[in-house]
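**Student:** Okay, handing you the structure first.
The values are calculated or read from the model by the stated rules, or taken from the named source; none is laboratory data. Since we're looking at a predicted model, the values are computed, not measured. As a convention, Cβ positions derive from the backbone with ideal geometry for all residues, glycine included, and neighbour counts pool all protein chains shown.
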């Protein structure tokens, strides 16, 4: 279903914006489901409309993940809260090596929110789900009074299935392993910030928001010697690698000059006094892999359009366990600490 | 873990209330997980702290459900948003006949929200999860600025497993079936409303908030001739039975005089001009069962403390498909329509 020129079918057209009753579990709620969510997400599981959705038995371990999305603004260059909500949870599942299958979607919408904006968000979710090959099978809508909430918050939870034998996780990094990043960093966070701060550059900074599960499938086809996968969202590459170093009790040493950063992202970071290594990504992954498999995995990532700029950026060491250190551009070494709080609030 | 006399362990005590950084994915987020969520929800899956949680393979079909909770006030007689968030999703799963196993928990917390209140909510979730026999295995916290959100919103999603052969669902009601309600109706909605409106009665109205999955297990032990199960939350018994009548393409006839309503709930409803049949419940179920099994199932429900006041309240008919009609106290018959919007906003 294409919502680009979406006009509200009867009887939603009586409501150009969300009213409290759309979250009431009555007729208006049912109409929202029937005329907006069902046509967009249409699949046989969702159509049953029970209190919970029933899916066939899955062979293999289950992966389960959830994220709430409160990004501000709701629409930004390269995406909106809708595709973010789908891709975020798909990526969390993929980072455990799981094949994402089913998503839930919980909306908390503010009274007065334009129906056409909700329709756009829902359409973007549907497109993102289709691209990622997942089904949105269950959902819920609550409405809060005007002035509470910020238009629309979305929670997604996701179920994936995990092949036997895979043991990918934040405690699996080993000294000697190689650290790969799948492309330029900081795009998502700076896309959001440049809209918020009204920054203008020659090139618009676009979010990298994308589902990475197909890339992970390809990587696993190439080699199962993948120890850790992580999508560096909030807190960026710095926080992700710090967490992994802590949980795996290893040191990680990266070469900052190897990390791809787009010129416009670098400019925006400089202007706002930020370090791209702490800035969120929504379509990039970090892979920590066995050294013998690194080149093959890197090549396979680069063959995927989402990974064209992938690079090897560092190694795992037995030295300085729990710490992330970086070789800087001027030949020195610095410790990259985990950020304390939030550098960029509300970026996802 | 008992949070009744909870004092914040280091280093959370430096933050008597939530700051933006607690949602930032950095050190403060990690501390919240480590010092608040993990001790409360402790289980082996959650402790892995990966992007997604990995659980063993499940034998049987999966049930999957989600709900967001925006109840106002957050604490009310008989419960709080925490146990509501657990029981709500547990019940949605149980209403498909599934055995609930795993929950996710997504928090959207407002900056400035007292850490002790969050701890209380989390503790109530832990207690509710233990009672229901489910594990909270994955979660997420986002923080929104002061003035956005209302203290705390919670989304839960849940996974259950469904025994072979069960076909319980809103389309399965058949003419001749018997309608059972598991106890007095309207308690939850009126507990919330009486706090909000400052109503005082001789007896405090308490929410019936409870997990019904064990009751459903017992019912299924007694008979599998259960066609529909539904927890009449938003929109109450009226909306639930209307939906079932519509989806099963049958009529439903109930005897209003048979429906248990507590005197204090009846008084509050009268005072506020509400009909208890439209008021939300959070610890009651409607069961539509084959006539030959009705008495045995009723007896089994009544043997459970949560179902002591269960009653047979009506039958399914081939007449007036899609409609719910009620025999009234004065011998007449009235059509009970689905409510249009929301009679009681923000009750879950």
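**Student:** If residue B:162 passes every condition in (1) touching a strand residue (DSSP E or B) at 6+ places or on another chain (Cβ under 9 Å); (2) more than 8 Å from every other protein chain (Cβ to nearest Cβ) but one, which one does it miss?
**Tutor:** The one condition residue B:162 does not meet is (2).
**Student:** Another question, if that's okay. Within region A:51-68, is there a residue that is more than 7 Å from every other protein chain (Cβ to nearest Cβ) and modelled with pLDDT of 95 or more?
**Tutor:** Among the residues of region A:51-68, not one is more than 7 Å from every other protein chain (Cβ to nearest Cβ) and modelled with pLDDT of 95 or more, which makes the answer no.
**Student:** Which of the following residues is closer than 30 Å to residue A:297 by Cβ, under 18 Å from the mean Cα position of the chain (by Cα), within 11 Å of chain B (Cβ to nearest Cβ) and in contact (Cβ under 8 Å) with a residue 24 or more places away in the chain: A:171, A:230?
**Tutor:** That would be A:230, the only listed residue that is closer than 30 Å to residue A:297 by Cβ, under 18 Å from the mean Cα position of the chain (by Cα), within 11 Å of chain B (Cβ to nearest Cβ) and in contact (Cβ under 8 Å) with a residue 24 or more places away in the chain.
**Student:** Mind checking whether some residue in region B:101-118 is more than 12 Å from chain A (Cβ to nearest Cβ) and free of Cβ contacts under 8 Å to residues at least 40 places away in the same chain?
**Tutor:** no
**Student:** Answer yes if at least one residue in region A:77-92 is surrounded by fewer than 20 Cβ atoms within 10 Å (Cβ to Cβ) and within 7 Å of chain B (Cβ to nearest Cβ), and no otherwise.
**Tutor:** Looking for residues that are surrounded by fewer than 20 Cβ atoms within 10 Å (Cβ to Cβ) and within 7 Å of chain B (Cβ to nearest Cβ), one finds none in region A:77-92, hence no.
**Student:** Still on this model: Before we move on, is residue B:246 in contact (Cβ under 8 Å) with a residue 40 or more places away in the chain and in a loop (DSSP other than H, G, I, E, B)?
**Tutor:** In short, no.
**Student:** Next question. Please go through region B:184-212 and pick out each residue that is buried (at least 24 other Cβ atoms within 10 Å of the Cβ) and under 27 Å from residue B:297 (Cβ atoms).
**Tutor:** Answer for region B:184-212, where residues must be buried (at least 24 other Cβ atoms within 10 Å of the Cβ) and under 27 Å from residue B:297 (Cβ atoms): B:185, B:186, B:187, B:188, B:189, B:207, B:208, B:209, B:210, B:211, B:212.
**Student:** When you check residue B:189 against the structure, is it out of contact with any strand residue (DSSP E or B) (no Cβ under 6 Å at 6 or more places or on another chain) and assigned to a loop (DSSP other than H, G, I, E, B), yes or no?
**Tutor:** In short, no.
**Student:** Across region B:143-159, what is the number of residues that are more than 7 Å from chain A (Cβ to nearest Cβ) and under 17 Å from residue A:149 (Cβ atoms)?
**Tutor:** 7
**Student:** Run residue A:172 past the list (1) outside the structural domain of residue A:278 (by TED's automatic domain parsing); (2) farther than 30 Å from residue A:314 by Cα and report the number of the one that doesn't hold.
**Tutor:** Result: residue A:172 passes all but (2).
**Student:** Out of A:38, A:74, report the one residue that is under 22 Å from residue A:115 (Cβ atoms), out of contact with any strand residue (DSSP E or B) (no Cβ under 9 Å at 6 or more places or on another chain) and at pLDDT 90 or above.
**Tutor:** Answer to the check: A:38.
Rundown of residues vs (1) assigned by TED's automatic domain parsing to the domain that holds residue B:200; (2) modelled with pLDDT of 95 or more; (3) touching a strand residue (DSSP E or B) at 6+ places or on another chain (Cβ under 6 Å), yes/no style:
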| position | (1), (2), (3) |
| --- | --- |
| B:2 | no, no, no |
| B:34 | no, no, no |
| B:79 | no, yes, no |
| B:85 | no, yes, yes |
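Residue-wise test of (1) touching a residue at least 60 places away in the same chain (Cβ under 8 Å); (2) more than 28 Å from residue B:164 (Cα to Cα); (3) assigned to a helix (DSSP H, G or I); (4) not assigned by TED's automatic domain parsing to the domain that holds residue B:192.
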{"site": "B:261", "(1), (2), (3), (4)": "yes, yes, no, no"}
{"site": "B:264", "(1), (2), (3), (4)": "yes, yes, yes, no"}
{"site": "B:267", "(1), (2), (3), (4)": "yes, yes, yes, no"}
{"site": "B:281", "(1), (2), (3), (4)": "yes, yes, no, no"}
{"site": "B:292", "(1), (2), (3), (4)": "yes, no, yes, no"}
{"site": "B:296", "(1), (2), (3), (4)": "yes, no, yes, no"}
{"site": "B:300", "(1), (2), (3), (4)": "yes, no, yes, no"}
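**Student:** Taking interchain pairs and intrachain pairs at least six residues apart, which have beta carbon atoms under 7 angstrom, with the first residue in region B:331-348 and more than 9 Å from chain A (Cβ to nearest Cβ) and the second assigned to a loop (DSSP other than H, G, I, E, B) and surrounded by fewer than 18 Cβ atoms within 10 Å (Cβ to Cβ)?
**Tutor:** Once the first residue is more than 9 Å from chain A (Cβ to nearest Cβ) and sits in region B:331-348, its partners that are assigned to a loop (DSSP other than H, G, I, E, B) and surrounded by fewer than 18 Cβ atoms within 10 Å (Cβ to Cβ) give B:334/B:328.
**Student:** What do you reckon, is residue A:140 more than 22 Å from residue A:284 (Cβ to Cβ), within 14 Å of chain B (Cβ to nearest Cβ) and surrounded by fewer than 24 Cβ atoms within 10 Å (Cβ to Cβ)?
**Tutor:** The answer is no for residue A:140.
**Student:** Among the residues of region A:313-320, is any buried (at least 20 other Cβ atoms within 10 Å of the Cβ) and farther than 14 Å from residue A:254 by Cα?
**Tutor:** There is no residue in region A:313-320 that is buried (at least 20 other Cβ atoms within 10 Å of the Cβ) and farther than 14 Å from residue A:254 by Cα.
**Student:** Tell me, please, whether a residue that is in a helix (DSSP H, G or I) and either outside the structural domain of residue A:222 (by TED's automatic domain parsing) or touching a residue at least 60 places away in the same chain (Cβ under 8 Å) (or both) can be found in region A:304-323.
**Tutor:** Checking region A:304-323: at least one residue is in a helix (DSSP H, G or I) and either outside the structural domain of residue A:222 (by TED's automatic domain parsing) or touching a residue at least 60 places away in the same chain (Cβ under 8 Å) (or both).
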